[in-house]
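Input: a single structure, listed below in C-alpha cells.
The values are calculated or read from the model by the stated rules, or taken from the named source; none is laboratory data. Computed from a predicted structure; not experimentally measured. As a convention, Cβ positions derive from the backbone with ideal geometry for all residues, glycine included, and neighbour counts pool all protein chains shown.
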Amino acid sequence: MTDKKNYGFTTTILHNDRQKGIEHGSLHKPIHTSVAFGYADARQLASVFQGKEPGFRYGRQGNPTIAALEDKVNQMEQGVGTICFATGMGAIGAVFQALLRTGDHVVSSSFLFGNTNSLWQTTMAQGVGVSLVDATDVANVAAAITDNTRVVFVETIANPRTQVADLERIGELCQARGILYVVDNTMTTPYLFRPKSVGAGLVVNALTKSIGGHGNALGGSITDTGAYDWTRFPNIYENYKKAQPLQWGLAQIRAKALRDFGASLAPEAAHHIAVGAETLALRMERTSSNALALARLLESDERVAAVYYPGLASHPQHGISSELFRKHGSLLSFELKDGIDCFDFLNRLKLAIPASNLGDTRTLIIPVAHTIFYEMGAERRASMGIAESLIRVSVGIEDEDDLLEDFSCALEGC
Ligand SMILES: *Cc1c(COP(=O)(O)O)cnc(C)c1O
C-alpha cells in the first residue's frame, strides 16, 4: 500500500501499521514491553540520546507499540505529530505542565468535562489565571483575552450538556491574536470532525472514550495540527528550538510533560486502543444514529422536561453541528419532569447501564449532579447549566429497537 492514493478514513487506519514495515509479518503492531533498548554500539546510544538519529531511549518517553498508535491517531487528525499519554487527563494536564508559566492566562469554555474543570482550579492555585466563558459565542472569548493569554481551550461538544463551541470563529480569533487554540475532540472524534479545519493548533483526544471504544483501556493524546506558528509562543525553551518551528511544541511537551511527569501510556493499552480504533467510523455512525433516534423519542415524551442533543432541531447549536460535524455523536443528556425520581427511572432500565464511562459499545447512563459533578457543588453546577435532575447518556451500538424499547418502558414505569 502506498500513500499516493487518498484512501478513506477506515481503510487508512486499518492499513496504517503496514506502512512502516511489518515485524515478522504480524498484521497488528506487536506489543513491545521492553523498557530499555539496545543499540549497535555505545556511540549509537549516545547519538539516539542526543536526538541525532531516530530511536527509542527509555519506555517512559515512548516505545514502538505506542509510536504505532501515535502514528494512527496522527493520521486520523491529519497532524504533523502526536504524543500519547496514560489517560485523557494526562494529555490535557501535559498541555499545561509543558506550556504554561506563572502569570500566564487561559481562556476556557465554562462548559467542560468535570475533571478538566477541576484541573483549572489546580492551575489557578499554581498562579495561572483561567477565565471561564460561554464559548458558544466568540464575543465572550474575545472579551476575556488579555496580553498574557497563551491558550484558548474548548471542547467540541461539551460533556455533559452538549453545548457546541463557536469553533470556527474562535479559530479565526486565535489566529489573529497569535494565541494557541487547543480543542478537546473527544466527543466528536476525528471521524466526525477535525479541529485542524477550524485552525486548532493542538487537538486533545481521550482515547479511553470512542477511539478505543470498548471501555477496556485508558489513554489520551495530543496532536499538533501544524496550524500554529510556534515562533509566536513565548514559553518555548531554547533546548526545544533546535528543529523546525513546526516541531517546537511537541518537542517541549514530550520532554517537559511526558518525560518529567511520566503519565506514559502502557503498551498493552496502546494495543487495545489501536484495535478498537479500527472500527471507530462504524461505531460513530451507529452510535450517532442510535443517539438521534433516542433523543427524538425522549423529546416527544411528556415525562421528559428537556433533551440536549446537537442533532435535534431544537438544540441551540444545531446549525453549527450540522455544518461542521459528519454526524452529531453519541452523547446526549436530558432532564425528567419534577416528581419523577431519576434513581427509580435508572433502576428500571434493563439495557442501559448506570456507569461513568463514555464512548463504550454499551449504552451507559449516569445522574450527573449526584456523581461526576457532585464535588463541585450546586452553585458551580448551576453556572454550567447542569440541572440537579440531569441524566447523561453515552449511547452504544445496541440494536436501535431494543434501546428505544428499554427507555420507553422505563419512562412508562414498567
Ligand atoms: C473522559 C474525558 C477526558 C479525560 O479522559 P480520561 O482518559 O478519562 O482521563 C477528557 N475530556 C473529555 C471531553 C472526556 O470526556
Hey, can you tell me all the residues within the stretch 18-37 that are exposed (fewer than 14 other Cβ atoms within 10 Å of the Cβ) and at pLDDT 95 or above?
T33, S34, V35, A36
Given (1) buried (at least 21 other Cβ atoms within 10 Å of the Cβ); (2) within 19 Å of M384 (Cβ to Cβ); (3) away from the ligand (no atom under 16 Å from the Cβ), number of the condition M187 does not satisfy
(3)
For the stretch 77-125, how many residues are assigned to a loop (DSSP other than H, G, I, E, B), surrounded by 21 or more Cβ atoms within 10 Å (Cβ to Cβ) and touching a helix residue (DSSP H, G or I) at 6+ places or on another chain (Cβ under 6 Å)?
0
Restricting to the stretch 62-92, and then to whatever is away from the ligand (no atom under 15 Å from the Cβ) and among the hydroxyl-bearing types (S, T, Y), can you tell me which residue is farthest from F9 (Cα to Cα)?
T65
Give me the pairs, please: first residue somewhere in the stretch 296-318 and part of a loop (DSSP other than H, G, I, E, B), second residue anywhere and aromatic (F, W, Y), beta-carbon distance under 9 Å, and either six or more positions apart or on two chains.
D301/F407; R303/F345; Y309/F334; P310/F325; H315/Y308; H315/Y309
Return the pair list, or none, for Cβ contacts closer than 9 Å from residues in the stretch 194-223 that are farther than 21 Å from A68 by Cβ and among the β-branched types (V, I, T) to residues that are modelled with pLDDT of 95 or more and within 12 Å of the ligand (Cβ to nearest atom), at least 6 apart or on different chains.
V198/V183
In the stretch 268-289, is there at least one residue being assigned by TED's automatic domain parsing to the domain that holds L331, more than 16 Å from the chain's Cα centre (by Cα), within 16 Å of the ligand (Cβ to nearest atom) and aliphatic (A, V, I, L, M)?
no
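Looking at the stretch 343-361, which of its residues are basic (K, R) and within 16 Å of the ligand (Cβ to nearest atom)?
Within the stretch 343-361, none qualify.
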Could you list all residues from the stretch 195-238 that are over 23 Å from A98 (Cβ atoms) and in a loop (DSSP other than H, G, I, E, B)?
S210, G212, G213, H214, G215, N216, A217
Can T146 be described as more than 14 Å from the ligand (Cβ to nearest atom) and in a loop (DSSP other than H, G, I, E, B)?
yes
Subset of the stretch 215-251, residues among the small types (G, A, S) and within 16 Å of the ligand (Cβ to nearest atom), comes to G215, A217, G219, G220, S221
Suppose we keep only residues that are of a type in the set (G, A, S) and within 14 Å of L202 (Cα to Cα) within the stretch 81-106. Which one would you say is farthest from the chain's Cα centre (by Cα)?
A98
Of all helices (runs of 4 or more DSSP H) completely enclosed by the stretch 1-60, which ones contain at least 1 residues that are touching a helix residue (DSSP H, G or I) at 6+ places or on another chain (Cβ under 6 Å)?
9-14, 16-19
